[in-house]
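Below is one structure, written out as structure tokens; the observations come after it.
No lab work stands behind these numbers, since they all come straight from the coordinates. From a predicted model like this one, the values you see are computed outputs, not experimental measurements. Every residue, glycine as well, gets a Cβ built from its backbone with ideal geometry; the counts of neighbours run over all protein chains shown.
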Amino acid sequence: MRVLVQRVTSARVWVDGAVVGEIAPDGQGLLALVGVTHDDDVDVARRLAEKLWQLRILDGERSAADVGAPILVVSQFTLYANTVKGRRPSWNAAAPRAVAEPLVTAFAEALSGLGAHVQTGTFGADMSVELVNDGPVTVLLEL
């Protein structure tokens, strides 16, 4: 599992012209783009959720846990693109929907269980993600 985290001052996910998840522009939050590979499991999802929740990338080297920052979770299979050969990415390392969807859900639920205010995109939908990256700060989390 890979989580590309962006510190944001606001973020929104649109599906079919409607906002399905957002971080309001009233402070800092985290946009978490989550990719799943074939050998990931619920334990990996929980451990990465805890790592994200405790990650000290907000102002003053604080974490989302320290300040109750909101987190917007968006599935992102393209984090497992293989671009070594040619010009067309291979998606072979990305887990199929039957594996990935429950693990993205487990990741979001683990964050909620830790006390995070979590919103999500819609798995598998054609989403438009709008964000204001703060810093900019972007970090790739893996175990």
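Remark on VAL137: its backbone amide H falls under 5 Å from those of ARG7, a criterion applied only to residues 5 or more positions apart or on other chains, H modelled at 1.01 Å from N. A Cβ-based charge dipole, computed about the Cα centre of the chain with Lys and Arg at +1 and Asp and Glu at -1, lands at about 480 debye. Angle check, please: helix 42-54 long axis (alpha carbons) against the longest principal axis of the chain (alpha carbons), in degrees 0 to 90, nearest 10. So the inclination is approximately 30 degrees.
Taken about its Cα centre, region 1-58 carries a charge dipole of roughly 300 debye when the Cβ of each Lys and Arg holds +1 and the Cβ of each Asp and Glu holds -1. Starting from the Kirkwood radius over alpha-carbon pairs of the chain, derive D by Stokes-Einstein at 4 °C in a medium of 1.567 mPa s and give it in µm² s⁻¹. Rounded to a whole number, D works out at 85 µm²/s. With labels modelled as points extended 7 Å from the Cα through the Cβ direction, what inter-label distance (nm, one decimal) is found for THR83 paired with ARG97? Going from the THR83 label point to the ARG97 one covers 2.6 nm. Here, region 56-133 has an Rg and a Dmax of 15.4, 44 Å when only alpha carbons are counted.
Each residue of region 94-101 was assigned a 3J(HN,Hα) from its phi angle through the Karplus expression (A = 6.51, B = -1.76, C = 1.60, θ = phi - 60°), giving 7, 5, x, 3, 4, 8, 6, 4 Hz with x at Gly and Pro. Put simply, when 45-51, 137-143 are sorted by average Cβ atoms within 10 angstrom per residue, most first, you get 45-51, 137-143. Available extension along the chain between GLU130 and ASP43 is 28.3 nm, counting 0.36 nm per residue and deducting the alpha carbon span.
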